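Structure first, commentary second.
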Amino acid sequence: MRRMVLSMLACVLLLATGCGSDDSEGSAEDEPTESSDTGGEVFPGVEVSGALGEQPTVTIAEPPFSVDETTTEVLDEGDGDEVQQGDDALLQYLGVNGRTGKEFDSSWARGEDPVTFPLEPGGLIQGFLDGLVGQTYGSRVAVAIPPDAGYGAQGNPQAGIEPDDTLVFVVDLIEAAPEPLPEAEGEEQSAPRTLPELQTDREGIPTGFEATPQTPKTLDKLVAAAVIVGEGPEVEAGQTATAHYVAQIYPEGKVFGETWTEGTPQPFALQPGGLPEGIIEGLVGQTVGSRVIVAIPSDLAFGKQGQPPAIPPDSDLIFSFDILAVS
């Protein structure tokens, strides 16, 4: 539960049930460029059309389409590095339900910017991971995923995916995102006196917040304050920021999410409709390498509905983010 709430928001439908990288990196030369149409029939009765780098069209002639094991077909082979398990992969993708023949998710549909996924077991659905590892950056591939390597017996009702549905993805593999910093590093600054005081352990790792006599009991506006100012690039709206975080009910309630214990930072897609508005506002304009305290009033967080049981209705929230990379 400590990571689940933010994990569900920071990523998209490819997640298994909740939401590292190595030395393998692509370069700008690996990025797909527009080309002639790629594809044709990639699986029996399944055709793909469209140029590399542009949103493809997937046509299933006579649904339902199904497979018994994860199968990958290379539509356009790139010449970048090999995709490794553990990479933070920068990519674009489109997903189609084999039962209905209908699109259920697309990174292209949410904007022009690619998304970043950590290719780690237990995060993404297993078939997506299996279908991409071993391919090369710069490629467009089609991946057919059976139910037991997708969402399994629970399906994914939010996406209209039933327990027996096969999934078809077309993925443009762009590059491995740069390896993130281990933690914030830069010039230290004092936080506003009205903010709860950030607590750290003996190694300097954030653990939560404690209210001070100057701390108001509720928030009427968003407060974002960098207590370490990094020297990296500025975070822009629409990017994916990789960060360690601690999330707590304001001003000194329960810690309901954090990444430090497991040691793996999390990607946050800074796009409307995913994360709460207050997180996006708090991170955009900060710099990579910064540690940022973001205190968010309820109406810019989860509002009247909350996220029970972790976040009660009408809860103000407070976060510490170590911004480690952007892509």
Next on the checklist: I need the phi-derived Karplus couplings for segment 311-327: 6.51 cos²θ - 1.76 cosθ + 1.60, θ = phi - 60°, integer Hz, Gly and Pro marked x.
Outcome noted: 10, x, x, 6, 8, 6, 10, 9, 10, 10, 10, 9, 7, 9, 6, 9, 8
Checklist entry - Of all GluC sites (Glu not before Pro) in segment 103-212, which ones are in loop regions per DSSP and have a Cβ with at most 10 other Cβ atoms within 10 Å? => result GLU112, GLU203
Next on the checklist: Pairs on different chains or at least eight residues apart, Cα atoms closer than 29 Å: how many lysine pairs in the chain fit?
Outcome noted: 5
Next on the checklist: Relative contact order of segment 209-327, please, whole-number percent, based on alpha carbon pairs below 8 angstrom and at least 6 residues apart.
Outcome noted: 36
Next on the checklist: Sequence gap at least 6, Cα distance under 8 Å: using those rules, report the relative contact order of segment 21-176 to the nearest whole percent.
Outcome noted: 30
Checklist outcome for this item: Counting sequence-distant residues (5 or more places) and residues on other chains, those with an amide H built under 5 Å from that of THR207 are GLN199, THR200, ASP201
Checklist outcome for this item: Amide H proximity to LEU124 below 5 Å, modelled H, separation 5+ or other chain, gives ALA16
Checklist outcome for this item: Once Lys and Arg are counted +1 and Asp and Glu -1 for all other residues with Cβ under 12 Å from that of LEU219, the total becomes -2
Item to check | Amide hydrogen neighbours beyond the local backbone of PHE104, cut-off 5 Å, H modeled | outcome: GLY95, VAL96, ASN97
Checklist entry - Going by average Cβ neighbours within 10 Å, how do the peptides 76-89, 47-60 rank, with the highest at the top? => result 76-89, 47-60
Item to check | For segment 145-150, 3J(HN,Hα) per residue [Karplus equation, 6.51 cos²θ - 1.76 cosθ + 1.60, θ = phi - 60°, Hz, x = Gly/Pro] | outcome: 10, x, x, 6, 9, x
Next on the checklist: Using just the Cα positions, wrap the chain in a convex hull and report its mean projected area in square nanometres, one decimal place.
Outcome noted: 16.2
Checklist entry - For segment 187-326, what class follows from the C-alpha gyration tensor (a ≥ b ≥ c being the square roots of its eigenvalues): rounded when a/c is under 1.5, otherwise prolate if a/b is larger than b/c, else oblate? => result rounded
Checklist entry - Suppose R0 equals 51 Å; then what is the FRET efficiency for ASP299 and ARG202 from their Cβ-Cβ distance, rounded to the nearest 0.05? => result 0.85
Item to check | Segment SER66-VAL284, extension gain: residue separation times 0.36 nm, minus the distance between their alpha carbons | outcome: 74.3 nm
Checklist entry - For THR57 and LYS221 in one chain, what is 0.36 nm times their gap in residues minus the Cα-Cα distance, to one decimal in nm? => result 54.7 nm
Next on the checklist: I'd like the Karplus ³J(HN,Hα) series for segment 87-97: coefficients 6.51, -1.76, 1.60, θ = phi - 60°, whole numbers in Hz, and an x wherever there's a Gly or Pro.
Outcome noted: 5, 8, 8, 8, 7, 10, 8, 9, x, 10, 7
Checklist entry - Under a Cβ-Cβ cut-off of 12 Å, what is the net charge of the residues other than THR240 that fall near it, where Lys and Arg count +1 and Asp and Glu count -1? => result -2
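Readers should treat all values here as calculations from the given coordinates under stated rules, not as data from a laboratory. Note that the structure is predicted; figures quoted are calculated from it, not measured. Note that each Cβ is placed from the backbone with ideal geometry, even for glycine, and that neighbours are counted across all protein chains shown.
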